[in-house]
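The values are calculated or read from the model by the stated rules, or taken from the named source; none is laboratory data. All of these numbers come straight from a predicted model, not from anything done at the bench. Positions of Cβ are generated from backbone atoms using ideal geometry, with glycine treated the same way; all protein chains shown enter the neighbour counts. We work out accessible area using only protein heavy atoms, side chains counted, and drop any ligands, DNA or RNA first. Shrake-Rupley method; radii C 1.70, N 1.55, O 1.52, S 1.80 Å.
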Amino acid sequence: MPGWADRGGRQRRAFVVGGALLTVAAVMLLAAWRSTGFLSDLLLNLGSSVVLAAISYVIFDPLFEEARRARVQEHLSFDQRAFVTRLHRSGRRVRILDTWTILLERTHRDETLGAVRAALANGAQVQLLLLDPDCTAAQQRSEELERQRVDVPRQIRTNLRHLAAFQSTLDPALRHRLQVRLYDASPSIQLYQWDGRALISFFPIGKLSFNVPQLEVDMDSPWGGFVHARFEELWEHEQATVNLERYWSVTVTLRHDGSDVVEVPVPYVTVDGQHYVDCGSFRVTGPLTVRAVLPPRAPGAAPAVFGLAEPADTDRTPAATVKRHFDQKYGRGDEQRAIRRLVPPPGGPRTPVPRSSAAGDAHGR
């Protein structure tokens, strides 16, 4: 755990302070030995007291530190402004585990992103783990918050849109320390960590997790170890977690008359099991097909060939619904957006193309 480094530093500090006190005591005792009368007695008593203080400090300071770490402070709700202030001063690690975060809503967005930039500049590693907006758990959480009229998938997509825009503004030296991933699992714990401290809470039925009591804990405590393990479990789970890059775009290989032409990353959405791409960055002419791995979040999947069909209102999923999904994910589109549905290519379905023969990895990994 990251806290072991902090614990080792505190132990070294205790030994350094204890050693310094013993050095002072040795000097006093040596001076007492060379002196006589009242001064000798005074230095002897002071030196003995300093020796006892040094021994007591080395023995009891770790015990007091353990008691401090075990202490849990309760807050009535999530204090956004206080966390942003702490975030601004962070220099080691920042972690957020949530469905979506109100820190990126309009009221605190600029302050939050400014604090994230400052933490990155301080050398902190910033990790955000949000719920996948397309997973079943996101829809279930919306149903739990039905009385609050909260559209959870839409809230998450808005968060991710702002994070993607912010990430693109960072210098390369800072960008690699900001990591955003999406998890596909039932949300259980909310975590907001700054360096060695964190706020944790749980997801109540019918209530927003920000409006319930928050526990402030030390990450070296049993509570901290528990939420750390949960975060690591989700973060490293290859099947249930994807990064922001794979969520944001899919790389397709354009094909004409059976030959590869060029690879290009394109925006995409998945609605009712159907995959749609935005072809606004290239012109669709003639019998054009594409090769891609869809869904792009499936690790190790082989690319397949698809045709491109323009959505219609007579489809099972109306074109207006598909456009709304693109708008939620990427913001309001303009006249340049050219949405196409991926369908079996002309002449029937094609078998997946072996990865070794693909012009490039569709994940861009």
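Worth pointing out:
- Filtering the range 191-216 to residues that are assigned to a loop (DSSP other than H, G, I, E, B) and more than 20 Å from Val84 (Cα to Cα) leaves Phe203, Pro204, Ile205, Gly206, Lys207.
- Filtering the range 271-297 to residues that are out of contact with any Gly (no Cβ under 6 Å at 6 or more places or on another chain) and in a strand (DSSP E or B) leaves Val271, Gln274, His275, Tyr276, Val277, Asp278, Leu288, Val290, Arg291, Ala292.
- Boolean, Trp223 is in contact (Cβ under 8 Å) with a residue 12 or more places away in the chain, more than 17 Å from Leu103 (Cα to Cα) and hydrophobic (A, V, I, L, M, F, W, C): yes
- In the range 217-261, the residues that are part of a loop (DSSP other than H, G, I, E, B), closer than 23 Å to Leu178 by Cβ, in contact with a Pro (Cβ under 8 Å, 6 or more places away or on another chain) and open to solvent by 30 Å² or more (accessible area, probe 1.4 Å): Glu238, Ser249
- Qualifying residue in the range 52-66 (condition: over 24 Å from Asp218 (Cβ atoms) and at pLDDT 90 or above): no
- Any hit, the range 262-270, residues being part of a loop (DSSP other than H, G, I, E, B) and more than 17 Å from the chain's Cα centre (by Cα): yes
- Among residues of the range 107-144, those that are farther than 27 Å from Arg297 by Cα and assigned to a loop (DSSP other than H, G, I, E, B), counted: 5
- A search for C-beta distances below 7 Å between a residue of the range 241-262 that is among the acidic types (Asp, Glu) and any residue that is at pLDDT below 90 and open to solvent by 30 Å² or more (accessible area, probe 1.4 Å), counting only pairs 6+ apart in sequence or on different chains, returns Asp260/Ala359.
- Every residue from the range 165-186 that is open to solvent by less than 30 Å² (accessible area, probe 1.4 Å) and not aliphatic (A, V, I, L, M): Phe166, Gln167, Tyr183
- Considering the range 298-307, and only residues there that are open to solvent by 10 Å² or more (accessible area, probe 1.4 Å) and part of a loop (DSSP other than H, G, I, E, B), the residue that is nearest to Asp134 (Cα to Cα) turns out to be Ala298.
- The lone exception for Asn211 - which of (1) farther than 30 Å from Ala309 by Cα; (2) at pLDDT 90 or above; (3) open to solvent by 40 Å² or more (accessible area, probe 1.4 Å) it fails: (2)
- Candidates Val322, Val266, Val227: the one that is within 30 Å of Pro187 (Cα to Cα) and in contact with a Phe, Trp or Tyr (Cβ under 6 Å, 6 or more places away or on another chain) is Val322.
- Residue check for Phe306: closer than 19 Å to Pro153 by Cβ, among the hydrophobic types (A, V, I, L, M, F, W, C) and at pLDDT 90 or above: no
- Check on Val150, closer than 22 Å to Val94 by Cα, of a type in the set (A, V, I, L, M) and either in contact (Cβ under 8 Å) with a residue 40 or more places away in the chain or part of a helix (DSSP H, G or I) (or both): no
- Residue within the range 149-161 that is of a type in the set (D, E, K, R), in contact with a helix residue (DSSP H, G or I) (Cβ under 9 Å, 6 or more places away or on another chain), under 23 Å from Thr85 (Cα atoms) and surrounded by 17 or more Cβ atoms within 10 Å (Cβ to Cβ) present: no
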